[in-house]
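Okay, structure first, notes after.
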Amino acid sequence: MTMLVWGGFLLFIGLLVALDLGVFHRKSEEIKVAEALIWTLIWICVALVFNLFIYLLYGQNWGGWADITTEHLSGGKAALQFFTGYLVEKSLSIDNIFVIAMIFSYLKVPLSEQHRVLFWGILGAVVMRGVMILGGVALIDRYSWLIYVFGVLLILSAIKMMVVRHDTIDPDKNLFVRLVKRFLPVSDNFSGNRFFIVEQGRRVATPLFLALILVESSDVMFAIDSIPAIMAITRDPFLIFTSNVFAILGLRSLYFALAGMMERFRYLKMSLVFLLAFIGVKMLLSHHHPIPNLVSLAIIAGILAVGIGASLLASHRDPAALASPLAEELEHLAEISYQQAKRLTILIVGSTLLLVGIVMLVLPGPGTLVIIIGLTVLAAEFAWARLWLRRVKRSISRLKDKLTERFHDE
(Lines give C-alpha, C1' and ligand atoms only; values in the text may rest on other atoms or scores of the structure.)
Protein backbone atom coordinates (compact mmCIF):
# COMPACT_ATOMS: atom_id res chain seq x y z
CA MET A 1 0.00 0.00 0.00
CA THR A 2 2.85 2.38 0.81
CA MET A 3 4.42 1.96 -2.63
CA LEU A 4 1.00 2.29 -4.28
CA VAL A 5 0.24 5.64 -2.61
CA TRP A 6 3.71 7.10 -3.14
CA GLY A 7 3.91 5.80 -6.71
CA GLY A 8 0.41 7.03 -7.48
CA PHE A 9 1.25 10.50 -6.18
CA LEU A 10 4.45 10.74 -8.23
CA LEU A 11 2.57 9.52 -11.32
CA PHE A 12 -0.14 12.13 -10.70
CA ILE A 13 2.44 14.91 -10.37
CA GLY A 14 4.22 13.72 -13.51
CA LEU A 15 0.92 13.86 -15.40
CA LEU A 16 0.23 17.42 -14.19
CA VAL A 17 3.72 18.57 -15.17
CA ALA A 18 3.43 16.91 -18.60
CA LEU A 19 0.10 18.66 -19.22
CA ASP A 20 1.52 21.98 -18.06
CA LEU A 21 4.62 21.92 -20.26
CA GLY A 22 3.61 19.58 -23.07
CA VAL A 23 0.09 20.88 -23.72
CA PHE A 24 -0.48 24.33 -22.24
CA HIS A 25 3.03 25.84 -22.43
CA ARG A 26 4.71 24.13 -25.36
CA LYS A 27 5.92 27.36 -26.95
CA SER A 28 8.53 29.70 -25.49
CA GLU A 29 6.56 32.87 -24.96
CA GLU A 30 6.06 35.53 -22.34
CA ILE A 31 3.43 34.60 -19.76
CA LYS A 32 1.03 37.44 -19.02
CA VAL A 33 0.05 38.38 -15.47
CA ALA A 34 -3.61 37.47 -16.02
CA GLU A 35 -2.68 34.01 -17.30
CA ALA A 36 -0.25 33.51 -14.42
CA LEU A 37 -2.95 34.45 -11.89
CA ILE A 38 -5.33 31.91 -13.44
CA TRP A 39 -2.69 29.18 -13.26
CA THR A 40 -1.85 30.15 -9.68
CA LEU A 41 -5.52 29.71 -8.78
CA ILE A 42 -5.62 26.37 -10.63
CA TRP A 43 -2.61 25.03 -8.69
CA ILE A 44 -4.14 26.18 -5.40
CA CYS A 45 -7.41 24.43 -6.28
CA VAL A 46 -5.53 21.24 -7.19
CA ALA A 47 -3.77 21.35 -3.80
CA LEU A 48 -7.11 21.81 -2.00
CA VAL A 49 -8.67 18.91 -3.90
CA PHE A 50 -5.66 16.78 -3.00
CA ASN A 51 -6.21 17.77 0.63
CA LEU A 52 -9.65 16.16 0.36
CA PHE A 53 -7.88 12.98 -0.76
CA ILE A 54 -5.61 13.31 2.30
CA TYR A 55 -8.69 13.56 4.52
CA LEU A 56 -10.18 10.39 3.04
CA LEU A 57 -6.88 8.48 2.90
CA TYR A 58 -6.24 8.96 6.61
CA GLY A 59 -9.85 9.21 7.81
CA GLN A 60 -11.16 6.13 5.99
CA ASN A 61 -7.84 4.33 6.52
CA TRP A 62 -7.69 3.19 2.90
CA GLY A 63 -5.55 0.09 2.62
CA GLY A 64 -4.58 0.49 6.28
CA TRP A 65 -2.66 3.68 5.43
CA ALA A 66 -3.35 5.38 8.77
CA ASP A 67 -1.94 2.33 10.56
CA ILE A 68 1.22 2.35 8.43
CA THR A 69 2.14 5.98 9.16
CA THR A 70 4.12 6.74 12.30
CA GLU A 71 1.82 9.57 13.44
CA HIS A 72 -1.49 7.60 13.31
CA LEU A 73 -3.43 10.71 12.32
CA SER A 74 -7.17 11.07 11.84
CA GLY A 75 -8.47 12.45 8.57
CA GLY A 76 -9.14 15.88 10.05
CA LYS A 77 -5.72 16.20 11.68
CA ALA A 78 -3.92 15.02 8.54
CA ALA A 79 -5.83 17.49 6.36
CA LEU A 80 -5.13 20.31 8.82
CA GLN A 81 -1.41 19.51 8.91
CA PHE A 82 -1.24 19.34 5.10
CA PHE A 83 -3.00 22.67 4.67
CA THR A 84 -0.92 24.41 7.35
CA GLY A 85 2.29 23.05 5.85
CA TYR A 86 1.19 24.07 2.36
CA LEU A 87 0.40 27.60 3.57
CA VAL A 88 3.81 27.92 5.25
CA GLU A 89 5.68 26.62 2.19
CA LYS A 90 3.68 28.85 -0.15
CA SER A 91 4.37 31.89 2.01
CA LEU A 92 8.12 31.26 2.30
CA SER A 93 8.33 30.74 -1.47
CA ILE A 94 7.47 34.43 -1.93
CA ASP A 95 10.95 35.36 -0.69
CA ASN A 96 12.39 32.89 -3.19
CA ILE A 97 10.43 34.62 -5.96
CA PHE A 98 12.17 37.90 -5.21
CA VAL A 99 15.60 36.27 -5.48
CA ILE A 100 14.64 34.54 -8.75
CA ALA A 101 13.54 37.91 -10.14
CA MET A 102 16.95 39.35 -9.21
CA ILE A 103 18.72 36.44 -10.95
CA PHE A 104 16.75 36.88 -14.17
CA SER A 105 17.26 40.64 -14.09
CA TYR A 106 21.02 40.38 -13.52
CA LEU A 107 21.55 37.81 -16.29
CA LYS A 108 19.03 39.55 -18.57
CA VAL A 109 17.12 36.32 -19.20
CA PRO A 110 14.47 36.94 -21.90
CA LEU A 111 10.90 36.82 -20.60
CA SER A 112 10.03 34.13 -23.13
CA GLU A 113 12.72 31.78 -21.73
CA GLN A 114 12.11 32.28 -18.01
CA HIS A 115 9.36 29.66 -17.99
CA ARG A 116 11.79 26.97 -19.21
CA VAL A 117 14.35 27.80 -16.51
CA LEU A 118 11.69 27.69 -13.81
CA PHE A 119 10.28 24.42 -15.11
CA TRP A 120 13.58 22.54 -14.92
CA GLY A 121 14.55 24.38 -11.75
CA ILE A 122 11.36 23.26 -10.04
CA LEU A 123 11.77 19.64 -11.16
CA GLY A 124 15.27 19.66 -9.67
CA ALA A 125 13.91 21.26 -6.50
CA VAL A 126 11.34 18.46 -6.10
CA VAL A 127 14.08 15.82 -6.23
CA MET A 128 16.43 17.68 -3.87
CA ARG A 129 13.70 18.43 -1.35
CA GLY A 130 12.56 14.83 -1.41
CA VAL A 131 16.06 13.72 -0.40
CA MET A 132 16.33 16.44 2.26
CA ILE A 133 12.90 15.61 3.71
CA LEU A 134 13.57 11.88 4.01
CA GLY A 135 16.96 12.59 5.57
CA GLY A 136 15.58 15.18 7.98
CA VAL A 137 12.71 12.97 9.16
CA ALA A 138 15.07 10.02 9.67
CA LEU A 139 17.48 12.17 11.71
CA ILE A 140 14.75 13.58 13.96
CA ASP A 141 13.29 10.11 14.53
CA ARG A 142 16.71 8.90 15.65
CA TYR A 143 17.95 12.03 17.45
CA SER A 144 14.95 13.83 18.96
CA TRP A 145 17.14 16.64 20.32
CA LEU A 146 17.71 17.82 16.73
CA ILE A 147 14.29 19.46 16.93
CA TYR A 148 15.96 22.13 19.10
CA VAL A 149 18.71 22.60 16.52
CA PHE A 150 16.11 23.15 13.81
CA GLY A 151 14.25 25.57 16.07
CA VAL A 152 17.39 27.63 16.62
CA LEU A 153 18.13 27.47 12.89
CA LEU A 154 14.73 28.96 12.10
CA ILE A 155 15.17 31.77 14.63
CA LEU A 156 18.59 32.57 13.16
CA SER A 157 17.03 32.47 9.69
CA ALA A 158 14.42 34.98 10.84
CA ILE A 159 17.18 37.28 12.11
CA LYS A 160 19.09 36.86 8.85
CA MET A 161 15.99 37.62 6.79
CA MET A 162 15.44 40.77 8.83
CA VAL A 163 18.93 42.22 8.40
CA VAL A 164 20.33 40.81 5.13
CA ARG A 165 19.52 42.37 1.78
CA HIS A 166 18.65 40.15 -1.19
CA ASP A 167 18.59 42.86 -3.83
CA THR A 168 22.13 42.23 -5.06
CA ILE A 169 23.25 39.19 -7.07
CA ASP A 170 26.82 38.23 -7.94
CA PRO A 171 26.90 34.89 -9.81
CA ASP A 172 30.70 34.76 -9.68
CA LYS A 173 30.49 34.28 -5.89
CA ASN A 174 28.12 31.32 -6.20
CA LEU A 175 29.89 28.01 -5.50
CA PHE A 176 27.91 26.06 -8.11
CA VAL A 177 28.47 28.68 -10.80
CA ARG A 178 32.22 28.65 -10.09
CA LEU A 179 32.24 24.85 -10.43
CA VAL A 180 30.40 25.05 -13.76
CA LYS A 181 32.84 27.65 -15.10
CA ARG A 182 35.79 25.57 -13.96
CA PHE A 183 34.77 22.52 -15.98
CA LEU A 184 32.69 24.03 -18.77
CA PRO A 185 33.15 27.17 -20.90
CA VAL A 186 30.26 29.64 -20.75
CA SER A 187 29.03 31.65 -23.71
CA ASP A 188 28.21 35.35 -23.39
CA ASN A 189 25.14 35.03 -25.60
CA PHE A 190 21.75 33.35 -25.29
CA SER A 191 20.67 30.85 -27.92
CA GLY A 192 16.89 30.63 -27.64
CA ASN A 193 15.83 28.11 -25.01
CA ARG A 194 19.00 26.02 -25.22
CA PHE A 195 21.18 25.38 -22.18
CA PHE A 196 24.16 24.20 -24.25
CA ILE A 197 25.47 25.10 -27.69
CA VAL A 198 28.57 24.38 -29.80
CA GLU A 199 30.94 27.30 -30.38
CA GLN A 200 34.14 26.92 -32.40
CA GLY A 201 33.90 23.15 -32.21
CA ARG A 202 33.46 22.88 -28.43
CA ARG A 203 30.41 22.45 -26.22
CA VAL A 204 29.67 25.50 -24.05
CA ALA A 205 26.95 26.48 -21.59
CA THR A 206 24.69 29.45 -22.24
CA PRO A 207 23.73 32.12 -19.68
CA LEU A 208 20.38 30.33 -19.50
CA PHE A 209 22.14 27.37 -17.89
CA LEU A 210 23.82 29.69 -15.37
CA ALA A 211 20.37 31.05 -14.52
CA LEU A 212 19.18 27.48 -13.93
CA ILE A 213 22.14 26.76 -11.64
CA LEU A 214 21.49 29.93 -9.64
CA VAL A 215 17.78 29.15 -9.31
CA GLU A 216 18.55 25.61 -8.12
CA SER A 217 21.15 26.78 -5.59
CA SER A 218 18.83 29.48 -4.25
CA ASP A 219 16.12 26.86 -3.71
CA VAL A 220 18.57 24.72 -1.74
CA MET A 221 19.24 27.66 0.56
CA PHE A 222 15.53 28.38 1.01
CA ALA A 223 14.84 24.68 1.61
CA ILE A 224 17.14 24.86 4.64
CA ASP A 225 14.53 27.21 6.15
CA SER A 226 11.32 25.76 4.76
CA ILE A 227 11.83 22.06 5.48
CA PRO A 228 12.58 22.52 9.22
CA ALA A 229 9.58 24.89 9.29
CA ILE A 230 7.15 22.25 8.07
CA MET A 231 8.67 19.67 10.41
CA ALA A 232 7.38 21.85 13.24
CA ILE A 233 3.88 21.20 11.89
CA THR A 234 4.03 17.50 11.02
CA ARG A 235 6.50 14.61 11.12
CA ASP A 236 4.60 12.56 8.54
CA PRO A 237 6.95 12.22 5.52
CA PHE A 238 4.05 11.92 3.07
CA LEU A 239 2.41 15.14 4.29
CA ILE A 240 5.74 16.99 4.35
CA PHE A 241 6.66 15.91 0.82
CA THR A 242 3.25 16.42 -0.79
CA SER A 243 2.70 19.88 0.71
CA ASN A 244 6.21 20.87 -0.42
CA VAL A 245 5.62 19.58 -3.94
CA PHE A 246 2.33 21.43 -4.41
CA ALA A 247 3.86 24.65 -3.09
CA ILE A 248 6.83 24.26 -5.46
CA LEU A 249 4.71 23.37 -8.50
CA GLY A 250 2.70 26.56 -8.04
CA LEU A 251 5.87 28.62 -7.69
CA ARG A 252 6.34 29.09 -11.44
CA SER A 253 2.92 30.65 -12.08
CA LEU A 254 3.13 32.60 -8.82
CA TYR A 255 6.43 34.08 -9.99
CA PHE A 256 4.93 35.43 -13.22
CA ALA A 257 1.94 36.74 -11.27
CA LEU A 258 3.93 38.59 -8.60
CA ALA A 259 7.40 39.33 -10.01
CA GLY A 260 6.26 42.56 -11.62
CA MET A 261 4.60 43.93 -8.52
CA MET A 262 6.75 42.64 -5.67
CA GLU A 263 7.50 46.23 -4.65
CA ARG A 264 3.88 46.61 -3.51
CA PHE A 265 4.36 44.07 -0.73
CA ARG A 266 6.74 46.20 1.30
CA TYR A 267 5.73 44.71 4.68
CA LEU A 268 5.38 41.11 3.57
CA LYS A 269 9.00 40.26 4.35
CA MET A 270 8.58 41.39 7.94
CA SER A 271 5.60 39.05 8.27
CA LEU A 272 7.81 36.20 6.99
CA VAL A 273 10.35 37.12 9.69
CA PHE A 274 7.69 36.71 12.38
CA LEU A 275 6.44 33.52 10.71
CA LEU A 276 9.89 31.90 10.85
CA ALA A 277 10.44 33.09 14.42
CA PHE A 278 7.07 31.70 15.54
CA ILE A 279 7.73 28.31 13.95
CA GLY A 280 11.18 28.25 15.55
CA VAL A 281 9.64 28.84 18.97
CA LYS A 282 7.00 26.20 18.21
CA MET A 283 9.76 23.66 17.57
CA LEU A 284 11.56 24.57 20.81
CA LEU A 285 8.34 24.05 22.77
CA SER A 286 7.20 20.95 20.88
CA HIS A 287 8.09 18.32 23.52
CA HIS A 288 6.49 19.67 26.71
CA HIS A 289 4.37 22.63 25.60
CA PRO A 290 3.19 21.82 22.06
CA ILE A 291 1.16 24.46 20.26
CA PRO A 292 -1.95 22.89 18.63
CA ASN A 293 -1.94 22.92 14.84
CA LEU A 294 -5.26 24.76 14.68
CA VAL A 295 -3.79 27.53 16.83
CA SER A 296 -0.63 27.51 14.69
CA LEU A 297 -2.72 27.84 11.52
CA ALA A 298 -4.61 30.80 12.99
CA ILE A 299 -1.37 32.53 14.06
CA ILE A 300 0.33 31.92 10.70
CA ALA A 301 -2.71 33.14 8.77
CA GLY A 302 -2.92 36.20 11.04
CA ILE A 303 0.77 37.05 10.55
CA LEU A 304 0.43 36.82 6.77
CA ALA A 305 -2.83 38.78 6.74
CA VAL A 306 -1.25 41.62 8.71
CA GLY A 307 1.76 41.73 6.35
CA ILE A 308 -0.37 41.71 3.20
CA GLY A 309 -2.92 44.15 4.61
CA ALA A 310 -0.26 46.61 5.75
CA SER A 311 1.41 46.39 2.33
CA LEU A 312 -1.83 47.11 0.48
CA LEU A 313 -2.56 50.07 2.75
CA ALA A 314 0.93 51.53 2.35
CA SER A 315 0.85 54.88 0.63
CA HIS A 316 4.08 54.41 -1.37
CA ARG A 317 6.20 51.63 -2.82
CA ASP A 318 9.63 50.69 -1.56
CA PRO A 319 11.30 47.62 -3.10
CA ALA A 320 14.16 47.87 -0.60
CA ALA A 321 11.72 47.09 2.18
CA LEU A 322 11.11 43.70 0.60
CA ALA A 323 14.84 43.14 0.20
CA SER A 324 15.26 43.73 3.93
CA PRO A 325 12.68 45.02 6.45
CA LEU A 326 15.41 47.04 8.15
CA ALA A 327 17.18 48.07 4.95
CA GLU A 328 17.38 51.79 5.67
CA GLU A 329 18.20 51.39 9.35
CA LEU A 330 20.95 48.86 8.61
CA GLU A 331 22.44 50.53 5.54
CA HIS A 332 25.36 51.79 7.60
CA LEU A 333 26.36 48.20 8.47
CA ALA A 334 28.33 48.10 5.23
CA GLU A 335 30.61 50.78 6.63
CA ILE A 336 31.09 49.72 10.24
CA SER A 337 34.40 48.47 11.50
CA TYR A 338 35.36 44.82 11.82
CA GLN A 339 35.17 45.08 15.60
CA GLN A 340 31.60 46.36 15.51
CA ALA A 341 30.57 43.63 13.08
CA LYS A 342 32.20 41.06 15.36
CA ARG A 343 30.30 42.40 18.38
CA LEU A 344 27.02 42.25 16.47
CA THR A 345 27.62 38.65 15.39
CA ILE A 346 28.59 37.59 18.90
CA LEU A 347 25.51 39.31 20.32
CA ILE A 348 23.15 37.51 17.93
CA VAL A 349 24.72 34.06 18.31
CA GLY A 350 25.29 34.30 22.06
CA SER A 351 21.83 35.69 22.82
CA THR A 352 20.19 32.97 20.75
CA LEU A 353 22.10 30.24 22.61
CA LEU A 354 21.23 31.88 25.92
CA LEU A 355 17.51 31.98 25.10
CA VAL A 356 17.54 28.39 23.85
CA GLY A 357 19.28 27.28 27.04
CA ILE A 358 16.68 29.02 29.20
CA VAL A 359 13.88 27.32 27.25
CA MET A 360 15.62 23.95 27.58
CA LEU A 361 15.64 24.25 31.38
CA VAL A 362 12.01 23.09 31.32
CA LEU A 363 12.46 20.77 28.33
CA PRO A 364 14.56 17.66 27.76
CA GLY A 365 18.06 18.69 26.83
CA PRO A 366 21.29 20.10 28.28
CA GLY A 367 19.87 23.54 29.17
CA THR A 368 22.55 24.51 31.69
CA LEU A 369 25.34 23.56 29.29
CA VAL A 370 23.78 25.61 26.47
CA ILE A 371 23.42 28.63 28.80
CA ILE A 372 27.10 28.39 29.76
CA ILE A 373 28.09 28.14 26.09
CA GLY A 374 25.96 31.18 25.27
CA LEU A 375 27.47 33.21 28.11
CA THR A 376 30.96 32.13 27.04
CA VAL A 377 30.31 33.41 23.53
CA LEU A 378 28.93 36.71 24.85
CA ALA A 379 31.77 37.07 27.36
CA ALA A 380 34.21 37.44 24.48
CA GLU A 381 32.92 41.00 23.93
CA PHE A 382 30.54 42.03 26.73
CA ALA A 383 31.48 42.76 30.36
CA TRP A 384 28.01 41.95 31.73
CA ALA A 385 28.23 38.47 30.18
CA ARG A 386 31.65 37.92 31.79
CA LEU A 387 30.12 38.87 35.16
CA TRP A 388 27.25 36.43 34.71
CA LEU A 389 29.60 33.71 33.56
CA ARG A 390 31.78 34.13 36.66
CA ARG A 391 28.69 33.90 38.86
CA VAL A 392 27.52 30.74 37.14
CA LYS A 393 30.98 29.19 37.48
CA ARG A 394 31.10 30.11 41.19
CA SER A 395 27.66 28.55 41.72
CA ILE A 396 28.74 25.37 39.97
CA SER A 397 31.96 25.30 42.00
CA ARG A 398 30.05 25.69 45.30
CA LEU A 399 27.63 22.95 44.28
CA LYS A 400 30.56 20.70 43.39
CA ASP A 401 32.21 21.34 46.77
CA LYS A 402 28.98 20.54 48.62
CA LEU A 403 28.52 17.31 46.71
CA THR A 404 32.15 16.36 47.38
CA GLU A 405 31.76 17.03 51.13
CA ARG A 406 28.55 15.01 51.27
CA PHE A 407 30.23 12.14 49.43
CA HIS A 408 33.15 12.11 51.89
CA ASP A 409 30.79 12.31 54.89
CA GLU A 410 28.93 9.25 53.68
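In table form, for the structure just shown:
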{"quantity": "Subset tally (residues that are over 18 Å from the mean Cα position of the chain (by Cα) and without any contact (Cβ under 8 Å) to a residue 60 or more places away in the chain) for segment 267-288", "calculated": "1"}
{"quantity": "Residues located in segment 184-199, provided they are outside any loop (DSSP other than H, G, I, E, B) and surrounded by 12 or more Cβ atoms within 10 Å (Cβ to Cβ)", "calculated": "VAL186, PHE196, ILE197, GLU199"}
{"quantity": "Some residue of segment 194-216 being farther than 26 Å from PHE274 by Cβ and under 16 Å from the mean Cα position of the chain (by Cα)", "calculated": "yes"}
{"quantity": "Among (1) more than 29 Å from ILE303 (Cβ to Cβ); (2) modelled with pLDDT of 80 or more; (3) of a type outside the set (Lys, Arg) - the single one ILE54 does not satisfy", "calculated": "(1)"}
{"quantity": "Every pair of residues 6+ apart whose Cβ atoms lie under 8 Å, when the first sits in segment 181-205 and is among the acidic types (Asp, Glu) while the second is modelled with pLDDT of 80 or more and surrounded by fewer than 13 Cβ atoms within 10 Å (Cβ to Cβ)", "calculated": "GLU199/PRO185"}
{"quantity": "Verdict on ALA223 being under 25 Å from ILE155 (Cα atoms), surrounded by 17 or more Cβ atoms within 10 Å (Cβ to Cβ) and touching a residue at least 24 places away in the same chain (Cβ under 8 Å)", "calculated": "yes"}
{"quantity": "Candidates VAL180, VAL109, VAL99, filtered to the one that is outside any helix (DSSP H, G or I) and over 30 Å from VAL370 (Cβ atoms)", "calculated": "VAL109"}
{"quantity": "Neighbours by Cβ (under 8 Å, 6+ apart or cross-chain): first from segment 88-100, at pLDDT below 80; second in a helix (DSSP H, G or I) and of a type in the set (D, E, K, R)", "calculated": "ASP95/LYS269; ASN96/ASP219"}
{"quantity": "Flag for ILE371 being assigned to a helix (DSSP H, G or I) and at pLDDT below 75", "calculated": "no"}
{"quantity": "So PHE209, is it without any contact (Cβ under 8 Å) to a residue 60 or more places away in the chain, in contact with a helix residue (DSSP H, G or I) (Cβ under 9 Å, 6 or more places away or on another chain) and surrounded by 21 or more Cβ atoms within 10 Å (Cβ to Cβ)", "calculated": "yes"}
{"quantity": "Residues that are out of contact with any Gly (no Cβ under 9 Å at 6 or more places or on another chain) and either over 15 Å from LEU118 (Cα atoms) or not assigned by TED's automatic domain parsing to the domain that holds LEU154 (or both), drawn from segment 213-236", "calculated": "MET221, PHE222, ALA223, ILE224, ASP225, SER226, ARG235, ASP236"}
{"quantity": "Residue satisfying all of: in segment 208-263; within 22 Å of ARG142 (Cβ to Cβ), among the β-branched types (Val, Ile, Thr) and part of a helix (DSSP H, G or I); modelled with the lowest pLDDT among these", "calculated": "ILE224"}
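The values are calculated or read from the model by the stated rules, or taken from the named source; none is laboratory data. All figures in this text were calculated on a predicted structure; none of them were measured in a lab. Every residue, glycine as well, gets a Cβ built from its backbone with ideal geometry; the counts of neighbours run over all protein chains shown.
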